[in-house]
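Below: the structure, in structure tokens.
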Amino acid sequence: MSEQPTGFDDLAQFKQTFFEECGELLGDLEIMLMDLQGNPENATTDDLNAIFRAVHSIKGGAGAFGFTQLVTFAHTFETLLDGMREGNVPVTLGCVEELIRATDILCDLVNAAKENANLPDNHGAEITAALVALTASGAGAGAFKNNLDANEDPKIEASDEDEITVFDVWFKPAAHLFSNGSDPIMIFNELQTLGQVEITPDVSGLPALHSLESEESFLAWALKVTTNRGQVSVEEAFEFVEDDCGLVINAATSPDFPLQIRDIAVAAPVNSVVTPPPATPLPSATAPGPQTPAAKSPSAPTATSIRVDLDRVDQLVNMVGELVITQSMLNQLTNVEEGGVQTSNPDMVKGLEQLNMHTRELQESVMAIRMQPVKSVFSRMPRLVRELAAKLSKKVTLVTSGEETEVDKTVIEQLADPLMHMIRNSLDHGIEGPAERREAGKPELATVNLSAEHRSGRILIEVSDDGLGINRERVFEKATEKGLVPTDIKLSDNEIDNLIFLPGFSTAETVSDVSGRGVGMDVVRRNINNLGGRITVNSTPGRGSRFTMSLPLTLAVLEGMVVAVGVEKFVLPLTSIIETIRPNAEHVHTLVGQGEVLSVRGDYVPVVYLSRVFAIPDAAEKAAGGLVVLVDLANGRRIGIVVDELLGQQQVVIKSLEPNSPHISGISAATILGNGMVALILDIDGLQSLPQHDMSRKKMTGENGGRGQTRASQTETGKVEQCQSVGIEKEVRRIMEDQANLGVSIPSQYGQKPEQAAAE
Amino acid sequence: MGRKILAVDDSKTMRDMVAFTLKGAGFDVLIAEDGQHALSVLGGDMVDCIITDINMPNLDGIGLIKALRSNPAHRATPILVLTTESDQTKKSEGRNAGATGWIVKPFSPDKLLATVNKVC
């Protein structure tokens, strides 16, 4: 058989698959071992087999990529596991704990391999020794084979190379040879690749026809193999059958004349040498070969899951987003109440309803593609807790729940860092040492709970501990010391707790190497906010703290409240909205230097006029008697946003402004409403800091000649000199144009506004 | 050409590598994630060779080989087991169950193809 062209020496492309798989396997391993730790005496063979397989798979892949350190360790690890599943090594708590430690080392080695880093040779040497000792304790030292016999190709001795030798081979297969799918002809073919082969069958063992068993082998062969590849190569040809045959291989003398071995090997097809062809009385044994008729049915299903490039999924999500917009446009066109045309065609109405339903289902299905259980992030945490607890000499157990809760992949990816940070924080600052806990009458073993659940279309993740809780005095002191809050300010307990989210805040007396490296909870909050999420903390001194994160399930759509301000429409993220109020004049106060505030049940809330921030004419100018939407800011404060009208709650598809414009303060993204109109999604946290131009009072008469085109400057309300709306307007128009270029039809309503406004 | 091979391994990395190498050499490749899956992938179809891992959930390699050998359609199909050890016990365990031969992991693409060519 001649060599097949391979050309695939480079297996690097599978490395990523391997590391992804390792990540999954290590996570599974961790969880399985944790379970086992709970009740080691009830371990089933299935459990142990599953654990064994995980380590075994890592070893297998590692071998393929030549990660020898990883292979060696995995082998030691696996040998112990093998002993355990065979029942030679008893499954004890101590033993399981060694396995958990071994998993950590395995994880280090995988990470080192991933980053192409080298760990010292003695990395994990203690664990290795412990594993070896445990294995040896089971079935006697003899059971342990540490000599990794991975090199399956015994090196041909140099002296054998190039020297042409004739081997006399006597080969008598056992009667059951064919039952293993072995075929002498394949062996002869193999020998053909080594050199010249003369084959002489020995039919002396052939019984009379009536006693011939059709599926047994009765022949023997004498072979003369002339090759320069050494005896080992010849033996290798019989590698698979050597235990099931009589085999004698003798090196004869060198031939009288040098042979062009390679030429012969190629030139002599096997059948021309074999005389006569082996009378194999089993057609089915020879059938699978090159001659096999290709009359097979098309291939069966190959796998139950596929891996798809994330870009493709994103593209799909995007397309479905467009479809949703188109669908709601159609809906509005036929909605008489919203100025659409009356349709009397019942089939049309029915069709639109179905379209509506299917579109939503399609959208949900597409979103579901990106959903993954949070398990992948949660499974990294036990190790973190274990390592930290050891480092800090604290006793901590991590209890997780809701690992199967699904959330968008993007959210998951960005969840790991904040979560790790919070758990570090909890262990470092929250949880006391065992002695201190004993004194406080608590169990020495502290508990950190990590849970996830779906709640009203969002995912809620909680990290809680039964530690000290937040030391409010210390926090307040620190915050004033660092000038983060004025010393004379009165803050509620909850407000003090939330000070830990302020940038630059860190209560650790000294910077420990566990947490408090200058990045603090402010980074956590920023990360969570960037995901459209929110984080709060509740703490009971002496009893512990509870951090609650609420995150959107997906970053592709947003549940929003569409509001109107003048002719503009904005979307407020529904999760930020607390309530909507219509304040009376006595509720609105003006504070010097702070603008207007609204008194809401004894609390003063700053008022933000969208009309002033974005210079929108013909909008409500007074909070009193108007409509104010009370929203939560990420820092726990609240603001009241004055709007003209609430148009309704709607799921909107988020369209990033990024490719079209730089970041605009107060705006996080845009969306296209059902009528095709572009609405901007407000960045609530960015709003407060924006300057508000009071259009009712500041009637400036500055140089506006050059801005005759902008709507704001032409309206009765004022010739606003310098206003953000100029920028916003331009950006929005540009986005609209881009959308139009992409074939998304946008009714002319928006584009006509300047003219309409001018006409007024 | 056009020889059809079924590769069975619970490790995606292994499946991918085996399939990639074999496909590159012109084989038709079917893949399965464990023994049970392999049997359903095969159905009544014949293949020219089966390469299987030993340690797998649901139905392991040894169980798969036994099941195949008891089926007339696969009684003589060459079966190679993937083992990590050149450990003789593992090889003879496979051999006793009815395997034709073995491939020791890790293997190079060339080694894989050479071994496959040894049996089919």
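A short reminder: the numbers here are calculations on the coordinates, not readings from a lab. On a predicted model such as this, the values are computed, not experimentally measured, just so you know. When we count neighbours, we look across all protein chains shown, and the Cβ atoms used for this are built from the backbone with ideal geometry, even at glycine.
Between residue A:322 and residue A:416, what FRET efficiency comes out of the Förster formula 1/(1 + (r/R0)^6) with R0 = 45 Å and r the beta carbon distance, rounded to 0.05? Calculated transfer efficiency: 0.90. Each Cα pair under 8 Å and six or more residues apart adds its separation to the average, and for the range B:25-120 the resulting relative contact order is 25 percent. When the Cα gyration tensor is reduced to axis lengths a ≥ b ≥ c, the ratio a/c is 1.5 or higher for the range A:12-143, and with a/b above b/c it is classed as prolate.
Assuming a ≥ b ≥ c are the square roots of the Cα gyration tensor eigenvalues, decide whether the range A:373-552 counts as rounded (a/c under 1.5), prolate (otherwise, with a/b larger than b/c) or oblate. Oblate, since a/c reaches 1.5 and b/c is not below a/b. Placing +1 on the Cβ of every Lys and Arg and -1 on the Cβ of every Asp and Glu, with nothing else charged, gives the range A:7-66 a dipole about its Cα centre of roughly 200 debye. In this Cβ point-charge picture (+1 for Lys and Arg, -1 for Asp and Glu), chain B has a dipole of about 360 debye about its Cα centre. Sorted on the mean count of surrounding Cβ atoms within 10 Å across their residues, most packed first, peptides A:214-227, A:349-362 read A:214-227, A:349-362. Straightening the chain between residue A:112 and residue A:579 buys 162.9 nm, computed as 0.36 nm per residue apart minus the Cα-Cα spacing.
Shielding by partners for peptide A:43-52, expressed as the average number of C-beta atoms from other protein chains within 10 Å of each residue's C-beta, is 1.
A simple spin-label model places pseudo-atoms 7 Å from Cα toward Cβ; at residue A:637 and residue A:589 they are separated by 1.6 nm. For the residues of B:7-19, the average number of beta carbons from a partner chain within 10 Å of their own beta carbon is 6.
Computed from point charges on the beta carbon alone (+1 for Lys and Arg, -1 for Asp and Glu), the dipole magnitude for the range A:311-370 about its Cα centre is near 120 Debye. Subtracting the Cα-Cα distance of residue A:649 and residue A:689 from their residue separation scaled by 0.36 nm leaves 11.8 nm. The calculated FRET efficiency for residue A:15 paired with residue A:345, based on their beta-carbon distance and R0 = 35 Å, is about 0.05.
I'd like the FRET efficiency for residue A:252 and residue A:45, computed as 1/(1 + (r/R0)^6) with the beta carbon distance as r and R0 of 60 Å, rounded to 0.05. For residue A:252 and residue A:45, the calculated efficiency is 0.70. Spin-label model, residue A:371/residue A:31: points 7 Å from Cα along the beta carbon direction are separated by 1.7 nm. Per residue of peptide B:92-98, the mean number of Cβ atoms on other chains within 10 Å of the residue Cβ is 3. In terms of packing, defined here as the mean over residues of other Cβ atoms within 10 angstrom, the peptides A:199-212, A:422-435, A:468-481 line up highest first as A:422-435, A:468-481, A:199-212. When only Cα pairs under 8 Å and 6 or more residues apart are kept, what is the percent relative contact order across the range A:1-110? Once normalised by length, the contact order is 33 percent.
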